[in-house]
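A short write-up of the structure that comes next.
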Amino acid sequence: MSQIIRHLSGMIPYMVLIMPIHIIVRLIVVKLRHLKWNWYHEIGLLLFVAFIAGLASQTVIPPLAMGADGVKVVWGGHQRTALIPFRFICYTLRDLVVYHSAKSLLIDFLGNIVMFMPFGFFVPLLWRTSDKTATAVGFCVSLFIEISQMFLPRWTDIDDLILNTAGTVLGLMLYKKLRSRFCGLMDRFQIGAPPSRKFPS
């Protein structure tokens, strides 16, 4: 649980930092392009961008530390690359069945799945796209992260790619389930939906 809290607490500063920047950029873009202002879409997009910033802080942005000389990049740790599919997944199941340890299951296994569910949920929520495209977005983002981590003091594991993609699919299933029950509300978040109001001139 402490490791989960540490990851979440590490994400929050980046999420908070990106939100005002995103709002300013969106206001400029909407104003210059004379777009219709859709509150549903903008709020959903803001949450999605904030999540991406938080995810980046835990995957591709080097850890930062505050010291006497100011903020510094922490390059500690080591790099590991695992390219054998399902090896880590098997180790996780072994730890659970043989050693009755759920640490890897909760942190690495389920964590990699849950952290990518927003891609399967927000992409079709905010844009009119197919299931394949939504899944491909999650896969490509995960692939980019894993390749980037090969040049950082982080772990690169093909099983992360598998679990991240599975998480994207689960997020997509959640979106489709909610849309089947709240179709009118969910459709308001997409581009092309009736605007909440015109952006003021």
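Read-outs: derived from the displayed coordinates by stated rules, not from any lab. Bear in mind the structure is a predicted one, so any value in this text is a computation, not a measurement. Quick reminder, even Gly has a Cβ in these numbers, built from the backbone with ideal geometry, and neighbours come from all protein chains shown.
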Show the residues, 5+ positions off or on another chain, whose built amide H is closer than 5 Å to the amide H of ARG154. ARG80
Excluding PHE121 itself, what net charge comes from residues whose Cβ is under 11 Å from its Cβ, given Lys and Arg +1 and Asp and Glu -1? +3
From the phi angles alone, apply the Karplus equation (6.51, -1.76, 1.60; θ = phi - 60°) to segment 83-97 and give each ³J(HN,Hα) in whole Hz, x where the residue is Gly or Pro. 10, 8, x, 6, 5, 5, 4, 5, 4, 5, 5, 5, 4, 6, 7
